Amino acid sequence: MSFKVLLAIVLALLLVGGGVTFYYAGQEPGPLVKIDKPAAIGGGALALDMSVDAVGTSLRRLDAVIEQQGRTIPVFSLASPGTARFAQETPERIRITHELPASVAAGLRDGPARLVVTASRDVLFGLRRAETITVRELTVRLTPPSLSVVSTHHYVKLGGAEMVVYRVAPPDTSSGVQVGDRYYPGYPASGVSGAKTTGAPVVDPTLRVAFFGLLFDQDVTTSIRLVAKDPAGNTAQAEFDHRTFPATFDRRRVPVDDAFFKRVVPAIIAATPALKLPTDTPEQRLEAFLAINRDLRRANEAQIETVSRATSAEMLCRGPFTRMGGASSEAVFADHRTYVYGDRDVDQQVHLGTDLASTRGAPITAANTGHVLFAGSLGIYGNCVILDHGMGVQSLYAHLSNASVEVGDRVNRGETIGHSGMTGLAGGDHLHFTMLVAGRPVNPIEWWDPHWIADRIDRKLVEAGLLAAADATKAEAPKLTPKKRVPPRRRTR
């Protein structure tokens, strides 16, 4: 074989090999694109959030556009990134966030659209590029949600609670009541037991029920309004008629001593693995008590609020809540306490419940029907049970000697859930009871009152067609059980 023929064969093989390599280089996958935002487009600013993995090579192109009915709106280009922010998450992956003004949606219409992201990277030493086109289907919503109030006469006392019935559209809009900086979600009215609308087989899907509170540490002038936000980020708010009333709270001086610390502090530390506090000397026990009374108290309050988010969308209870039978009240809701050690004022806290005591180890019964959200040790509350009554309403039972229920159990009004005790920061055998709305303590006295239940809850449900008048609470004078005399030694903390 001549040299020329051999050279021709080699060149031919190189050309074929190069062609094959060039072809398969074009089949390489393009950059991996993950779109986190937007999921919808509203009338406000548009937030773009996506990550791009260039798979070991250089990212050469990244363009994002919105397409709708033949119209194309550019929202990002790597060639001209503007004010977009870049974050290097891994050596190969970057995250890009970009906020665009509301004007970017000019020309779009309510309805379907799509976000199209085109990305390419170098392959074969930059001789070819591998491209990816990623599409996310979007919904355009430029019309804000609508809110309208159904119920009337809303009266809320400082430290107390209320309920409002309203409509929000579209039905997939999240909504609720904003009280100052606290938010209380609304729930579909179909969750009301026995809910009905006259002449209709189902409840109006836009109808909502929201419980809310005016907390003890807020002001009677705090703004209270309905708020709504749809999946596209459009917002709305509406005022509704309401009146707020002031309240005064007791102030108490509570003596504490080393004997009390020796009993309660080690037990709480043992039940709270995160606490590592020395308790060898009286001064160390005092410091441990203060850490528990301040920091652990705040952590417990946050934990209660977190637990409460698992509330049922159904209203599980009906009528007034029952008060512990034959019990005397040792401390009222929101009394402001000054803790006195020897001749020193060492701490101040607010007691967010009502303390009730009768006999040692008294049976504790469910104040109303519900599900067990929490049953176990809870810091300053000791052995604690939290019952969920639905739509953000819960009842809390603390300082129990034992709990006889487990998370997930359904309990009926009057069913025993445990026995009173002196666990946690309890100075004697008693029940610490409170009501919660969205995990925030409100005055239990209201919930024990048939008149309050009849006017604040049942009247509104009847007027909205969600409850038959025959099923509403009759505001009769409650039958009181004579209180038993409680020895003075049952002091509470």
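The values are calculated or read from the model by the stated rules, or taken from the named source; none is laboratory data. All values derive from a computational prediction rather than experimental measurement. So basically every Cβ, Gly included, is an ideal-geometry build from the backbone, and we count neighbours across all protein chains shown.
Taken together, the criteria exclude residue 407 from residues that are surrounded by fewer than 19 Cβ atoms within 10 Å (Cβ to Cβ), assigned to a strand (DSSP E or B) and either among the hydrophobic types (A, V, I, L, M, F, W, C) or within 23 Å of the chain's Cα centre (by Cα) (or both).
A Cβ distance below 7 Å, combined with a sequence gap of six or more or placement on separate chains, defines the contacts here; from segment 219-242, residues that are farther than 17 Å from residue 183 by Cβ reach residues that are polar (S, T, N, Q) and at pLDDT 95 or above in the pairs 220/244; 241/152.
When each of 292, 304, 269 is tested for being without any contact (Cβ under 8 Å) to a residue 24 or more places away in the chain and within 32 Å of the chain's Cα centre (by Cα), the lone residue that passes is 269.
Tell me yes or no: at least one residue of segment 369-378 is part of a helix (DSSP H, G or I), within 21 Å of the chain's Cα centre (by Cα), buried (at least 16 other Cβ atoms within 10 Å of the Cβ) and among the hydrophobic types (A, V, I, L, M, F, W, C). No: zero hits. Annotation: of all residues in segment 121-175 being acidic (Asp, Glu) and over 25 Å from the mean Cα position of the chain (by Cα), the one that is modelled with the lowest pLDDT is 122. Filtering 318, 337, 297 for residues that are surrounded by fewer than 21 Cβ atoms within 10 Å (Cβ to Cβ), assigned by TED's automatic domain parsing to the domain that holds residue 415, charged (D, E, K, R) and within 21 Å of residue 420 (Cα to Cα) leaves a single hit, 297. Taking segment 60-152 and the strands (runs of 3 or more DSSP E) fully enclosed by it, no element has 2 or more residues that are farther than 26 Å from residue 230 by Cβ, of a type in the set (Phe, Trp, Tyr) and in the same structural domain as residue 29 (by TED's automatic domain parsing).
Flag: residue 360 does not match the condition of being of a type in the set (Lys, Arg), surrounded by 19 or more Cβ atoms within 10 Å (Cβ to Cβ) and in the same structural domain as residue 290 (by TED's automatic domain parsing).
Conditions (1) assigned to a strand (DSSP E or B); (2) touching a helix residue (DSSP H, G or I) at 6+ places or on another chain (Cβ under 8 Å); (3) closer than 21 Å to residue 367 by Cα, marked per residue:
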{"residue": "424", "(1), (2), (3)": "no, yes, no"}
{"residue": "453", "(1), (2), (3)": "no, yes, yes"}
{"residue": "457", "(1), (2), (3)": "no, no, yes"}
{"residue": "460", "(1), (2), (3)": "no, no, no"}
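Residue count for segment 272-289 satisfying the condition of being of a type in the set (Lys, Arg) and either in contact (Cβ under 8 Å) with a residue 12 or more places away in the chain or crowded, with 17+ Cβ neighbours inside 10 Å (or both): 1.
Residue 193: outside the structural domain of residue 32 (by TED's automatic domain parsing) and at pLDDT 95 or above, yes or no? Here the answer is no, as residue 193 does not meet what is asked.
Filter segment 416-464 down to the residues that are over 29 Å from residue 202 (Cα atoms) and of a type in the set (Gly, Ala, Ser) and list them by number. Answer for segment 416-464, where residues must be over 29 Å from residue 202 (Cα atoms) and of a type in the set (Gly, Ala, Ser): 418, 420, 421, 424, 426, 427, 428, 439. Only a single item in (1) among the basic types (Lys, Arg); (2) under 31 Å from the mean Cα position of the chain (by Cα); (3) more than 30 Å from residue 186 (Cβ to Cβ) is not met by residue 318, and it is number (3).
Give just the number: which of (1) at pLDDT 95 or above; (2) buried (at least 16 other Cβ atoms within 10 Å of the Cβ) does residue 112 not satisfy? Among (1) at pLDDT 95 or above; (2) buried (at least 16 other Cβ atoms within 10 Å of the Cβ), residue 112 violates only (2). Annotation note: Cβ proximity below 7 Å between a residue of segment 442-462 that is not assigned by TED's automatic domain parsing to the domain that holds residue 216 and a residue that is polar (S, T, N, Q) and at pLDDT below 95 (sequence gap 6+ or interchain) occurs for 450/473; 453/473; 454/473; 458/473. Scanning segment 204-253 for residues that are of a type in the set (D, E, K, R) and in a loop (DSSP other than H, G, I, E, B), we see that the one that is surrounded by the most Cβ atoms within 10 Å (Cβ to Cβ) is 230.
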